[in-house]
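Engineer: Just passing along the structure, written as structure tokens.
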Amino acid sequence: MRKVRIDLSGFFTNRGLQPPGTTGDYGFNIWSNTFPAEELPPAGTVADVAGVPFSFPPDAATGDNIRCRGQVIPLPEGDWDWIYLIGAAERRTEDRVELRYRDGSVRPAWLRMSDFWPETPMRFGEPLAFRTRSMRYPRHTHRNHAPALWQQRIGVAQPEDLAAVRLPDNPAMHVFALTLVADEEARCAR
């Protein structure tokens, strides 16, 4: 099984991971809540979630996640079977993505994300990636308020020559990390 982590730093549009004692332009959601950065993997490290490695966002002043507004993420050549993401929604939501191929064709697929809100269970059967023990508000940190990041996956029905994925135009959806997976053994067994 081949797994390739994608660098999303050039696409980050939102700051939702807030270090302790900081102020500024942070705000995962419309109320400016954030995840406490010290309760998540260190910035720029590789985090394994359910057997899939992800590049956790670097400590960047420009952002640490993509607020989905239809961004097109180019993908390296390969016959990819799955697009795995770490993300969360400001409300549980699902929306269409576009899988774009090198020949110019486009195929729809679905991205489903459960709510980040504290103690909210998963809605779409995805694994929990991380749950913090607290949540930041603009003027304080609320202890025992445990928001979540989830691992989602998008199936690639036609894996050959996938060139890019276009994220939904849905600002309630946030993507922190993306990894491509090619499962050659399963494909050969079909």
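Engineer: Pull up all non-local amide H partners of ASN14: gap of 5 or more, or a different chain, and H-to-H distance under 5 Å with H placed in the peptide plane.
Structural biologist: ASP64, ASN65, ARG67
Engineer: Anyone know which of ILE66, ILE30, ILE86 comes out most mobile in the 10 Å Cα GNM of the chain?
Structural biologist: Top of the fluctuation ranking is ILE30.
Engineer: Taking θ = phi - 60°, what integer Hz values does the Karplus form 6.51 cos²θ - 1.76 cosθ + 1.60 yield along region 54-68, in sequence order, with x for Gly and Pro?
Structural biologist: Couplings: 10, 7, 6, x, x, 6, 10, 5, 7, x, 9, 7, 9, 7, 5 Hz.
Engineer: Among ARG96, ARG143, which comes first, then next, by fewest other beta-carbon atoms within 10 Å? Let's see the in-between values first.
Structural biologist: Details: ARG96 13, ARG143 10.
If I rank by nearby Cβ atoms, fewest first, I get ARG143, ARG96.
Engineer: Moving on to the next point. Sequence-distant or interchain residues sharing an amide H contact under 5 Å with PHE56, placed H: which?
Structural biologist: Residues meeting the criterion, in which the H sits 1.01 Å from N, are GLY44, THR45, VAL46, ALA47.
Engineer: Residue by residue through region 70-84, which ³J(HN,Hα) values in whole Hz follow from phi under the Karplus form 6.51 cos²θ - 1.76 cosθ + 1.60 (θ = phi - 60°), with glycine and proline marked x?
Structural biologist: Once rounded to whole Hz, the list reads x, 4, 9, 9, x, 10, x, 4, x, 9, 8, 9, 9, 10, 9.
Engineer: Let me ask something else about it. Around ASN33, which amide H atoms from residues at least 5 apart in sequence, or from another chain, sit under 5 Å from its own amide H, with H modelled in the peptide plane?
Structural biologist: Those qualifying (amide H under 5 Å, at least 5 residues apart or on another chain) are PHE28.
Engineer: Output ³J(HN,Hα) for region 11-28: one whole-Hz value per residue in order, computed from phi by the Karplus curve 6.51 cos²θ - 1.76 cosθ + 1.60 with θ = phi - 60°, and x for Gly and Pro.
Structural biologist: Once θ is set to phi - 60°, the couplings for region 11-28 become 10, 5, 10, 9, 10, x, 10, 10, x, x, x, 9, 9, x, 7, 10, x, 5 Hz.
Engineer: Another one. Ranked by Cβ crowding within 10 angstrom, fewest neighbours first, how are HIS140, HIS174 ordered? Walk me through the numbers on the way to the answer.
Structural biologist: Numbers: HIS140 9, HIS174 25.
So the ranking, lowest neighbour count to highest, is HIS140, HIS174.
Engineer: Starting with the fewest neighbours, write out LEU85, LEU99, LEU75 ranked by other beta-carbon atoms found within 10 Å of each beta-carbon. Working shown, then result.
Structural biologist: Values: LEU85 30, LEU99 23, LEU75 19.
Ranking LEU85, LEU99, LEU75 by Cβ neighbours within 10 Å, fewest first, gives LEU75, LEU99, LEU85.
Engineer: Could you point to the label whose value was computed as Cα extents along the principal axes in Å for the structure here, given [x] 83, 38, 30; [y] 64, 48, 38; [z] 52, 28, 28?
Structural biologist: The listed entry that was calculated here is [z].
Quick note: the coordinates plus some simple rules give every number you see, no bench work behind them. Quantities reported herein were computed from a predicted structural model and do not represent experimental measurements. Glycine gets a Cβ as well: all are built from the backbone with ideal geometry, and neighbour counts include every protein chain shown.
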